[in-house]
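Visitor: One structure coming up, written as structure tokens, with questions to follow.
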Amino acid sequence: MSENVRVPEIKDEAASAHTKSMTVGESSASQYTPEERALILRVGVYVRMRWLVVLGIVAATLIASLVFDISFPTLPVYIISGVIFLYNLAFFRWTNSLKAEPTGVVLRKGETVANVQVLTDLVILTVLLHYAGGIENPFIFFYLAHTITAGIVLPQRRAYQLATVAVSMITLLVFLEYAGAVPHVNLEGFVLPDRYKELSRVLAVLIALATLVYGSTYVTTAVLGELRRRQRDMAALKDKLLEKRTEELEQISAEVVKLEDERRNFTRFLGVVTHDLRSPLVATQSVITYILEGYTGEITYGQKDLLERAVRRIDELLTLITDLLDIPRIETGQISREMREISLNEVIQKSLEGLDSVAQQKGLALKVEMPSSSPSVYGAGRRLQQVMTNLVSNAINYTNEGAVSVKVIENEKDVRVEISDTGIGIKPEDMPRLFTDFFRGSNVTAKGTGLGLSISKRIVEAHGGKIWVESPDPETHAGSRFTFTIPKKGAEMTKGK
Amino acid sequence: MKRKPKILIVDDDVDLVQVMKGALESKLFEVIVAHNGKDGLQKAKSEKPDIVILDIMMPVMDGWAFAEQYNKDPALAKTPVLALTSFSDSLGQPFPFQVSEYMQKPLKPKDLIAKVEGHLKRLGL
């Protein structure tokens, strides 16, 4: 099986130096791939198990000699236990140092650590067995512990190689003792003294051991290999998903930029259209006013009347053009870009300039009631002025006697503006359609585009406010009261951004 | 004798210019006309008018570019500029230059005269 793992490489020297300087097991662990984390964990478990093995050997030797009266020289066994203890100390530090390695290096180093550990253990186990009865020692099957470990932490091929090393070592030992090339340590009181020379038994034990060693290597590498493959697939899938997400995000932001661009172009286009539609009308009207004002000589009353009519019709058209092209501009969100903190009192005062005299000419009282606190709202001053001018001039237009009153009320979250009049009122059946485009009241004779209220509604709603109309007197339907609200500063901030 | 106030009109609309010129000349002002920003800038430098009446949308050099150049020249920047435009608004943004007054067309000739006279009075003319 190919064990070439594609892992991200650390390109930055400083980064790797930084990771190395970190204390063992710190945050660097979170950057490891699942496969790397698993390897570090497993090698760590292997080291911990070895502490138990040292204790186990000492305990087994003590029990064998003291409890079961098995007699054999125990000194070499204790010395070997000490050796295992010492080298395990070294392995413990080596294994811990893995946790400070940058990702990508861990797999290679971890495998080296595991290789050396397994090999050392195989050698020491063989030596230990030699001093503790050779083939007669039932702990001969401990070779399995190491080959299984190799199967868990190392690639398949390496695991089989180590299994072969294990089988060769014990076979070598057993046959050297069998041949008398090395002395056999007899476990007196446990086994018959000459059994290690029975060839059939020796072969049977070796074959059983070898079968177990290779069999367990096959099972562990098969299971672990599959597990490692899955871990790798998962990591690759995660990378791929992340890449795809990033790509999608980039695409979306590019589209947003494009849309914003198109919107800006459209707004600009509308501005130019308004300008070009207005320009000839403006020139025409200026020429007519020039004549009306007498710069070209005296004109008759009849001529004056006709020219004044022409000026009024041009005025209507100019208003219609401005209103019509205002709608898409409001709807593409232009208002939110004009918004800033403004004083509503100031806006209202400005919008009433000029309307005062119009009311006076009609003999109407224009009452204004504003809070002294002068509440500030987050809004587009020019647009709110447009709403006020529209509502107040409507009130003046449709009122023949009485008064038009403007009342500003400051609430906790918004400012409410009421414009009421004692005029002709609105028919109940007209109420629901009053704020729709081009709607004109059935009892209305004055000229108008029928867009004023619908534009006002759009402006108020773009501020996050509400606008509505009521009949102050539900019985006679005389007079009307328009109310709109504008959220105070901050209330609209989150929505506007 | 008090000298005649000099007024520069920078506007590409010939009909509008004729009306404005006629109205202002009736007040015995001297009126100079330029039909684009570039021409206007040259005439502003050579003729040294007391007031400039400026249109925004013009060929060759528009009012924005005109005002930008104009404000850079310390000799000119003192002279008041009345910006007049057929835009229904400033496209949602404040104009990026200083003008003394910004007005939307149409403006009645007598209102134009009143504005100009107001500025002349402030200049002591």
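The values are calculated or read from the model by the stated rules, or taken from the named source; none is laboratory data. In this text the structure is predicted, and so the values were computed from the model without any measurement. Ideal geometry is used to build each Cβ from the backbone, glycine not excepted, and the neighbour counts take in all protein chains shown.
Visitor: State which residue is surrounded by the fewest Cβ atoms within 10 Å (Cβ to Cβ) when the search covers only the stretch A:290-326 and only residues that are hydroxyl-bearing (Ser, Thr, Tyr) and closer than 23 Å to residue A:457 by Cα.
Guide: Among them, the one singled out is A:319.
Visitor: Now for a different question. Considering each residue of the stretch A:448-482, count those that are in a loop (DSSP other than H, G, I, E, B) and more than 43 Å from the chain's Cα centre (by Cα), and give that number.
Guide: The qualifying residues number 13.
Visitor: Of all residues in the stretch A:272-296, how many are more than 7 Å from every other protein chain (Cβ to nearest Cβ) and touching a Leu at 6+ places or on another chain (Cβ under 7 Å)?
Guide: Residues meeting the conditions: 5.
Visitor: Among the residues of the stretch A:337-359, write down those that are within 12 Å of chain B (Cβ to nearest Cβ), part of a helix (DSSP H, G or I) and buried (at least 16 other Cβ atoms within 10 Å of the Cβ).
Guide: A:338
Visitor: Going by the conditions given, is residue B:99 modelled with pLDDT of 85 or more and away from chain A (no Cβ under 14 Å)?
Guide: no
Visitor: Of (1) within 30 Å of residue B:17 (Cβ to Cβ); (2) away from every other protein chain (no Cβ under 13 Å); (3) not charged (D, E, K, R), residue A:218 satisfies all except one. Which?
Guide: Of the numbered conditions (1) within 30 Å of residue B:17 (Cβ to Cβ); (2) away from every other protein chain (no Cβ under 13 Å); (3) not charged (D, E, K, R), the odd one out for residue A:218 is (1).
Visitor: Can you pull out the residues in the stretch A:297-326 that are within 13 Å of chain B (Cβ to nearest Cβ) and not in a helix (DSSP H, G or I)?
Guide: Passing the criteria: only A:297.
Visitor: Does residue A:460 meet the test of being in contact (Cβ under 8 Å) with a residue 12 or more places away in the chain and over 23 Å from residue A:364 (Cα atoms)?
Guide: Against the criterion (in contact (Cβ under 8 Å) with a residue 12 or more places away in the chain and over 23 Å from residue A:364 (Cα atoms)), residue A:460 qualifies.
Visitor: For the stretch A:388-432, give me each residue that is assigned to a strand (DSSP E or B), of a type in the set (A, V, I, L, M, F, W, C) and over 51 Å from the mean Cα position of the chain (by Cα).
Guide: Scanning the stretch A:388-432 gives A:403, A:404.
Visitor: If you don't mind, another one. Do any residues in the stretch A:32-49 that are farther than 22 Å from residue A:236 by Cβ have Cβ atoms under 6 Å from those of residues that are assigned to a helix (DSSP H, G or I) and small (Gly, Ala, Ser), where the two are at least six apart or on different chains, and which pairs are they?
Guide: A:43/A:110; A:43/A:114
Matching residues to (1) of a type in the set (Phe, Trp, Tyr); (2) farther than 30 Å from residue A:228 by Cα; (3) touching a residue at least 60 places away in the same chain (Cβ under 8 Å); (4) touching a Lys or Arg at 6+ places or on another chain (Cβ under 7 Å):
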site	(1), (2), (3), (4)
A:99	no, no, yes, no
A:108	no, no, no, no
A:126	no, yes, no, no
A:170	no, yes, no, no
A:176	no, yes, no, no
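Visitor: Pick from the stretch A:409-424 the residues that are crowded, with 18+ Cβ neighbours inside 10 Å and of a type in the set (A, V, I, L, M, F, W, C): which of them is farthest from residue A:393 (Cα to Cα)?
Guide: A:415
Visitor: Considering every residue within the stretch A:243-254, establish whether at least one is in a helix (DSSP H, G or I) and within 14 Å of chain B (Cβ to nearest Cβ).
Guide: No, every residue in the stretch A:243-254 fails to be in a helix (DSSP H, G or I) and within 14 Å of chain B (Cβ to nearest Cβ).
Visitor: Which of (1) away from every other protein chain (no Cβ under 14 Å); (2) part of a helix (DSSP H, G or I); (3) touching a residue at least 60 places away in the same chain (Cβ under 8 Å) does residue A:266 not meet, given it meets every other one?
Guide: Going through (1) away from every other protein chain (no Cβ under 14 Å); (2) part of a helix (DSSP H, G or I); (3) touching a residue at least 60 places away in the same chain (Cβ under 8 Å) one by one, residue A:266 breaks only (1).
Visitor: Return the pair list, or none, for Cβ contacts closer than 8 Å from residues in the stretch B:105-123 that are under 17 Å from residue A:315 (Cβ atoms) to residues that are among the aromatic types (Phe, Trp, Tyr), at least 6 apart or on different chains.
Guide: B:109/A:290; B:109/A:295
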